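In what follows, a structure is listed as C-alpha cells, so that the remarks can point back to it.
The values are calculated or read from the model by the stated rules, or taken from the named source; none is laboratory data. Bear in mind that the values here come from a model prediction, so they are computed numbers and not experimental data. Cβ: placed from backbone, ideal geometry, glycine included. Neighbour counts: every protein chain shown. With ligands, DNA and RNA removed, areas are computed over all heavy atoms of the protein, side chains included. Shrake-Rupley method; radii C 1.70, N 1.55, O 1.52, S 1.80 Å.
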Amino acid sequence: EVEMETDSLIEKSNQAPIKEEVNTVKMLLRIDFWLLFIVFMLGAGVGLTIINNLGSLVESLGGSNSSQFVTLLSIFNCL
C-alpha cells in the first residue's frame, strides 16, 4: 500500500502544472494582471528615462563624450 502511494506521488510530481484559461474580460478584472502591468510599465518608464537623460547626466558629472555611454547602455539594454 505504501508503494502504491509513493508511485502515485511520483506520477503526480511528473505532471505539468495545470494552467487556467482566462479570457480578456476576466484578465482585465484580475488584480494579478494589473500588478504585473503596473510593475512592467514602471520598469519600462524608468529605463527609458535613464536612457533619455544619460547624456546630460554624464556631462554634468564632468564626462566629455556622453554619446559613447548612451550607445553602450542602449546596446546592453537590448541584450
With only alpha-carbon pairs counted, each pair once and no self-pairs, how large is the Kirkwood hydrodynamic radius of region 23-75 in angstroms? 13.3 Å
Could you compute the FRET efficiency for L57 and L36, with r as their C-beta to C-beta distance and R0 at 30 Å, rounded to 0.05? 0.50
With the full set of protein chains in place, find how many percent of the accessible area of region 22-79 is carbon and sulfur; take the probe as 1.4 Å. 72 percent
